[in-house]
1. Work out the length of the dipole vector of the range 3-164 about its Cα centre, built from +1 on the beta-carbon of each Lys and Arg and -1 on the beta-carbon of each Asp and Glu, and round it to the nearest 20 debye.
2. Spin-label point model (7 Å from Cα, Cβ direction): what's the residue 73 to residue 13 distance in nm?
3. Go through 125, 102, 135 and say which Cα lies farthest out towards the positive end of the charge dipole of the chain; charges sit on Cβ, +1 for Lys and Arg, -1 for Asp and Glu.
4. Can you give me the distance in nm between label points at residue 161 and residue 25, each placed 7 Å from the Cα along the Cα-to-Cβ direction?
5. Mind ordering 4-17, 138-151, 107-120, 48-61 by average Cβ neighbours within 10 Å, highest first?
6. Normalising by the residue count of the chain, find the relative contact order in percent from Cα pairs under 8 Å and 6+ residues apart.
7. Helix-only mean residue ellipticity at 222 nm, the chain, DSSP H runs n ≥ 4 weighted -39,500 (n - 2.57), per residue, nearest 500. What is it?
8. Report the gain in length on full extension from residue 88 to residue 1: 0.36 nm times residue separation, minus Cα-Cα distance, nm rounded to one decimal.
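Just so you know, all these numbers are worked out from the coordinates, no wet-lab data involved. This is a predicted model, so every value here is computed, not measured. FYI the Cβ positions are ideal-geometry reconstructions off the backbone, even for glycines, and counts take in every protein chain you see.
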Amino acid sequence: METEAYIALGSNLGNRELNLLRAVAEVGRVPDCRVTALSSFYETSPVGNVNQDLFCNAVLRISTRLDARSLLTRLLRIENETFKRVRTVHQGPRSMDLDLLLYGDSVINEEDLVVPHPRLAERRFVLQPLCEIAPDLLHPLIGKSMCEILAALKSDESVVKLLREELV
């Protein structure tokens with residue numbers, strides 16, 4: 001049985017757009033995963049107190065036969081092996097960040113796997129591209145659509161600017 005999953009992509013080192021495209025290709029090569037939608041690319045402000053360059057972010061929808069843990073393991077492998085991600089500074093610069101946002105309507109709360117992503121409803125840079133490809137998708141804990149959650153976000157200073165129209 002296939003499950004629809006949503007993955008956030010982010011990069012602020014090197015060629016950010018090329019990094020996102022490479023990540024989409026790598027996810028598409030994972031056995032039992034099929035890319036079904038990709039949002040536009042957005043230039044966004046970094047989160048946290050680390051002085052760093054702007055990010056390029058997008059959201060990817062896949063259809064997968066992998067369970068959530070196996071999918072997360074594959075995403076971490078792509079970060080580490082393809083993009084040589086080294087986690088030295090919390091919320092620091094990175095060539096690729098792949099976050100499992102949603103896995104069907106599952107709610108998982110384990111030590112190293114939390115779905116839906118615990119900060120999904122707070123992050124404009126994730127909600128905006130997610131609303132582009134799945135505006136009516138319901139958050140399994142909050143019970144509201146992603147666009148309702150985005151509309152309810154408080155105004156802030158974060159930059160979320162359309163960088164490139166959808167490519168898929």
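1. On the way: 20 positive and 21 negative charges, 82 e Å.
Computed charge dipole of the range 3-164: roughly 400 debye.
2. In this crude spin-label approximation the distance works out to 2.6 nm.
3. The listed residue farthest towards the positive side: 125.
4. With each label placed 7 Å out from Cα toward Cβ, I get 2.8 nm.
5. Working: 4-17: 21.1, 138-151: 15.9, 107-120: 13.5, 48-61: 18.4.
Order by mean packing, descending: 4-17, 48-61, 138-151, 107-120.
6. Numbers: 320 pairs, mean separation 51.6, N = 168.
RCO, the chain: 31 percent.
7. Working: 4 runs with 41 residues, N = 168.
Calculated at 222 nm, the ellipticity per residue is -7000 deg cm²/dmol.
8. On the way: separation 87, 0.36 × 87 = 31.32 nm, distance 3.79 nm.
Using 0.36 nm per residue and subtracting the Cα-Cα distance, I get 27.5 nm.
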